[in-house]
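Participant: Got a structure here, written out as structure tokens. Questions coming.
The values are calculated or read from the model by the stated rules, or taken from the named source; none is laboratory data. In this text, all values refer to a predicted model and were calculated from it rather than measured experimentally. Cβ: placed from backbone, ideal geometry, glycine included. Neighbour counts: every protein chain shown. Surface accessibility is based on the protein's heavy atoms, side chains included, excluding ligands, DNA and RNA. Shrake-Rupley method; radii C 1.70, N 1.55, O 1.52, S 1.80 Å.
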Amino acid sequence: MSAEGIDRVVIVGASLAGLRAAEALRDEGFTGRITLIGDEAVPAYDRPPLSKQVLLGQVAPEATALPHTRDIDARWRLGVAATGLDLSRKTVLLADGTKVPFDRLLIATGTRARPWINEAEARLEGVLTLRTAEDAEHLSRLLDAGPRRVVVVGAGFTGSEIASACRERGIEVTVAERGAAPLVGALGGVVGDVAARLQRAHGVDLRCGVTVTSLEGDEAGRLRRAHLSDGTVLDADVAVIALGALRNTGWLEGSGLAAGPRGIAADAACRAFDHNGIATDDIFVAGDVARMPHALFGYQFLSLEHWGNAVEQARLAAHNMLAAGPDRRPHLWIPAFWSSQFGVSIKSVGVPTMGDEVVVTQGSLEEGRFAAVYGHRGRVIAAVSFDHGRWLDHYTGLIESAAPFPPVFTGVDRPPPGTTAVSAGFPDPSVPSHGPTVTVSGYAPSERRITFTPAPA
């Protein structure tokens, strides 16, 4: 069946979130027409392996295609980008001049890699970003050629994973990071110092507190050197720009939606806001491009580039596109991500960047194997583990129940020693206003509920 008055669902963005949303629509019983639009000419593929197994030659780029969980009976418009949205006519405009009408629209256009700032230098052979399967295939070929040195610009998760792959292949690599340590923007300085030791122990030439000021090529247009802000000049054949992502919202300029560089603002039901801050009833967002409040995290608008977040928001948006008002559900998924680098499994739950303090609860920073919990205004807000992932389900429960920080280990024979909280060491910690206490209960999506306790006057 189709929901009343809904026959045409258009999904702009044919990657992970778009595919999973289409599957969820069919799971919900939608029998109308589904059109998926994607600017890449290839079917949806999995991105996490691109900076790991693909660079190591363990998985071919074409082998990263996402499996379908069911038949979705959809029309695919691949290789053609959306260029505009006409809200009044409920039509998506495409680069080939066609117009696609909709009754419900899901925007899942994701992000793209932030390019190198100098366009001429960015065109040098050997200078590239890593976002798509084509990028990964290109970088793999460059690594296969045995470069003298790879320079990685930026030590976030993608940059660190690329450096890890280079060292595993025996390639000399320099990582240039403007911050005080790798991963400092995502996990703070305390954990960032562990990441720095990890990189150096594996032979990475890690340079923090510096920037790459220019990239120099030869007469043939090939990269030859990288110039750093401290005056250092490095001979290099490959430079990977890993300076984060830009959200794909440019095609929505002038559409009337609240879309910009930080993403598309939406409510917790995935309904996009218009310029007036009013939630639309027929336009939804999901995945990396979405920006929406989360009740457990002070109702802050969060933009999350997490695989699991894209899947959960896609399913939720599909449900809410078809559901009547009272049956719509809020987005209450606890953020989680993982990374694998230098032989260490790094996992996290919650929002570490909100943490004022951090405490090591299992293992030790010195050993590089530990679990650490972040606190914000006296409650547990996040946790991260280095080869200690088995603890994260426990900390997810503490986050959902607004447990006090530092965590209390009742019923444990041997509480972890030395649980002294210290500053998490974020460069620019988020400090939202005082808010209510919110807890989440229930397991099945239809049972998930929040308990709202107003803040005392």
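Participant: Please go through (1) of a type in the set (Lys, Arg); (2) more than 21 Å from residue 307 (Cβ to Cβ); (3) crowded, with 22+ Cβ neighbours inside 10 Å for residue 33 and return the number of the only condition it doesn't satisfy.
Facilitator: Going through (1) of a type in the set (Lys, Arg); (2) more than 21 Å from residue 307 (Cβ to Cβ); (3) crowded, with 22+ Cβ neighbours inside 10 Å one by one, residue 33 breaks only (3).
Participant: Now for a different question. Condition check: closer than 24 Å to residue 154 by Cα, free of Cβ contacts under 8 Å to residues at least 40 places away in the same chain and surrounded by fewer than 20 Cβ atoms within 10 Å (Cβ to Cβ). Does residue 231 satisfy that?
Facilitator: So residue 231 passes the test.
Participant: Next question. Only one of these is crowded, with 20+ Cβ neighbours inside 10 Å, touching a Phe, Trp or Tyr at 6+ places or on another chain (Cβ under 8 Å) and not in a loop (DSSP other than H, G, I, E, B): 265, 310. Name it.
Facilitator: Values: 310 fails: touching a Phe, Trp or Tyr at 6+ places or on another chain (Cβ under 8 Å).
Step by step, each of 265, 310 is checked, and only 265 is crowded, with 20+ Cβ neighbours inside 10 Å, touching a Phe, Trp or Tyr at 6+ places or on another chain (Cβ under 8 Å) and not in a loop (DSSP other than H, G, I, E, B).
Participant: Here's another thing I want to ask about it. Could you grab the pairs with beta carbons closer than 6 Å, sequence gap of 6+ or different chains, first residue in segment 394-410 and more than 9 Å from residue 380 (Cβ to Cβ), second one in a loop (DSSP other than H, G, I, E, B)?
Facilitator: Final answer for the pair search is 396/334; 409/415.
Participant: Return a yes/no flag: does segment 315-322 have any residue that is assigned to a strand (DSSP E or B), open to solvent by less than 10 Å² (accessible area, probe 1.4 Å) and touching a Phe, Trp or Tyr at 6+ places or on another chain (Cβ under 9 Å).
Facilitator: no
Participant: Something else about it: Quick check: is even one residue across segment 44-56 in contact (Cβ under 8 Å) with a residue 24 or more places away in the chain and closer than 15 Å to residue 104 by Cα?
Facilitator: No.
Participant: So which residues in segment 131-170 are aliphatic (A, V, I, L, M), open to solvent by 10 Å² or more (accessible area, probe 1.4 Å) and more than 28 Å from residue 109 (Cα to Cα)?
Facilitator: Those that are aliphatic (A, V, I, L, M), open to solvent by 10 Å² or more (accessible area, probe 1.4 Å) and more than 28 Å from residue 109 (Cα to Cα): 142, 145.
Participant: To continue, here is another question. Can you pull out the residues in segment 105-117 that are open to solvent by 60 Å² or more (accessible area, probe 1.4 Å) and not aliphatic (A, V, I, L, M)?
Facilitator: Within segment 105-117, 112, 114, 115 meet the criteria.
Participant: All but one of (1) farther than 30 Å from residue 56 by Cα; (2) out of contact with any Ser or Thr (no Cβ under 7 Å at 6 or more places or on another chain); (3) open to solvent by 20 Å² or more (accessible area, probe 1.4 Å) hold for residue 274; state the number of the condition that does not hold.
Facilitator: (2)
Participant: Pick out the one residue from 219, 161 that is among the acidic types (Asp, Glu) and over 30 Å from residue 423 (Cβ atoms).
Facilitator: That would be 219, the only listed residue that is among the acidic types (Asp, Glu) and over 30 Å from residue 423 (Cβ atoms).
Participant: Kindly provide the set of residues from segment 196-224 that are aliphatic (A, V, I, L, M), open to solvent by less than 60 Å² (accessible area, probe 1.4 Å) and either part of a strand (DSSP E or B) or in contact (Cβ under 8 Å) with a residue 40 or more places away in the chain (or both), ordered by number.
Facilitator: 198, 204, 206, 212, 215, 223
Participant: Does residue 292 satisfy the condition of being touching a strand residue (DSSP E or B) at 6+ places or on another chain (Cβ under 8 Å), within 24 Å of residue 91 (Cβ to Cβ) and buried (at least 21 other Cβ atoms within 10 Å of the Cβ)?
Facilitator: So residue 292 fails the test.
Participant: Quickly run through segment 79-98 and pick out the residues that are in contact with a Pro (Cβ under 7 Å, 6 or more places away or on another chain) and of a type outside the set (S, T, N, Q).
Facilitator: 90
Participant: Follow-up question, since we're still on this one. Tell me which residues, restricted to segment 118-130, are open to solvent by 30 Å² or more (accessible area, probe 1.4 Å), farther than 16 Å from residue 243 by Cα and not aliphatic (A, V, I, L, M).
Facilitator: 123, 125
Participant: For residue 299, only one of the following conditions fails: (1) at pLDDT 95 or above; (2) farther than 23 Å from residue 85 by Cβ. What is its number?
Facilitator: Condition not satisfied by residue 299: (1).
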